[in-house]
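The values are calculated or read from the model by the stated rules, or taken from the named source; none is laboratory data. Quick caveat, the model's predicted, so the values are computed rather than measured. Cβ placement follows ideal geometry from the backbone for every residue including glycine, while neighbour counts extend to all protein chains displayed. These accessible areas exclude ligands, DNA and RNA; they are computed on the full protein's heavy atoms, side chains included. Shrake-Rupley method; radii C 1.70, N 1.55, O 1.52, S 1.80 Å.
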Amino acid sequence: MRYDAEDARYIRAENIEEFCNTNEVLLTSAPRGIVLEFPGLGGGSCLGGDMELHPYVGPHAQRLADAGLLLAYTFPGPWSWMNKGAVRMTDLLVDAIREKYGLGADSPLGVSGGSMGGQGALMYACRSRHRVTACAAACPCFDVPAAVSVKPAFPRTFLRAVADYDMPFGEALLTLSPRHCVDELPSIPYFITCDCADELFPEAGMDEFVAAMRGRGLSVGYRKMPGMGHGGFTPEVREDLTTFLVENT
């Protein structure tokens, strides 16, 4: 993806609050690293973030702050599915955050999200020009072509995400699909959750996706929650996801 030095004047240290909500108010000193959280479809998140402009607070945000991590809930677009534009905007946001807090290019960078945000975390780990340190994906959309028609809102959102790609829709959708990009996933720690009664992204497919990741030799923590519908959490698994980010970012 082409970047220009002039791009940095649009997303910069002085205006990052226009592009994300952060837990800055909870930090007691300069952060040692960053955890990005990507939105689900429509802008909400089963991890706790939302797209209203305000400080990101709560137990999850506090745990990360206590560990010296800036949590940033990003605004790449509520239908973005981590397309080229979302990757570009997020890369520039990471640059701006690092500039603001004096973080080096090799400082820790964790990514996270649920549903579309989980898919976004996996694909950002593939596509970013930054090195991602760890990835936590809750109930992610792991197979985009299989998911196109499972929910009325999905067809228009997927096609909008790749509408300006210079290739057929079918090919373009594969570039957003973690299951079809397993060979591109970096060798970092992963934490993936599965809602076993998920009506959108079925357990059997998630099992196969995780098996393919492990078949590549990737380190994958995989937590399944029997009877849980899409976006649900048990308290134990929710806590484990936060702990994973603290320990691996």
Once the stretch 4-59 is represented by equal point scatterers at the alpha-carbon sites, with solvent omitted, what log10 I(q)/I(0) does the Debye formula produce at q = 0.22 Å⁻¹? -1.02
A convex hull over the alpha carbons of the stretch 1-139 yields, per residue, a volume in Å³ of 95
Tell me, what is the per residue accessible area of the chain in Å², probe radius 1.4 Å? 42
Cα Rg over Rh - the stretch 201-249, Kirkwood: 0.99
Using a 10 Å cut-off on Cβ atoms, rank the peptides 52-59, 224-231 from the highest mean neighbour count down. 224-231, 52-59
Per residue of the stretch 224-236, in order, report the coupling 6.51 cos²θ - 1.76 cosθ + 1.60 (Karplus, θ = phi - 60°) as ³J(HN,Hα) in whole Hz, putting x for Gly and Pro. 10, 10, x, x, 8, x, 4, x, x, 9, 8, x, 5
Note to self: C-alpha centroids of the stretch 44-80 and the stretch 128-174 sit apart, in Å, by 22
Evaluate the chain: find the radius of gyration of its Cα atoms, find its Kirkwood radius, and give the ratio Rg to Rh. 0.94
In terms of the ratio Rg/(2.2 N^0.38 Å) built on C-alpha atoms, what value belongs to the stretch 149-249? 1.22
For the chain, what relative contact order do you get, as a whole percent, if you take Cα pairs closer than 8 Å and at least 6 residues apart? 19
Considering amide H positions built from the backbone, and no H for Pro or chain starts, which residues 5 or more places from Phe19, or on another chain, come under 5 Å of its amide H? none
Take every Cα pair under 8 Å in the stretch 1-91 that's 6+ residues apart, average their separations, divide by the length, and report that relative contact order as a whole percent. 36
The set of residues whose placed amide H lies less than 5 Å from the amide H of Gly113, leaving out same-chain residues fewer than 5 positions away, is Phe38, Ala136, Ala138
Run through all the Cα pairs of the stretch 136-176 and give the fraction in each 5 Å bin from 0, expressed as whole percent. 5, 25, 31, 22, 12, 5, 0
Using a simple charge model, +1 on the beta-carbon of Lys and Arg, -1 on the beta-carbon of Asp and Glu, nothing else, what dipole does the chain show about its Cα centre, in debye to the nearest 20? 260
Nearest 20 debye, what's the magnitude of the dipole of the stretch 159-244 about its Cα centre given +1 on Lys and Arg Cβ and -1 on Asp and Glu Cβ? 200
Please give the charge dipole size of the stretch 3-101, origin at the Cα centre, charges +1 on K and R Cβ atoms and -1 on D and E Cβ atoms. Round to the nearest 20 debye. 240
Over the stretch 143-202, what relative contact order in percent results from Cα pairs under 8 Å that are six or more residues apart? 38
Label-point separation in nm, Glu6 to Ala105, each point 7 Å along Cα→Cβ: 2.3
Hey, could you pull the Cα Rg and Dmax for the stretch 94-142, both in Å? 11.6, 35
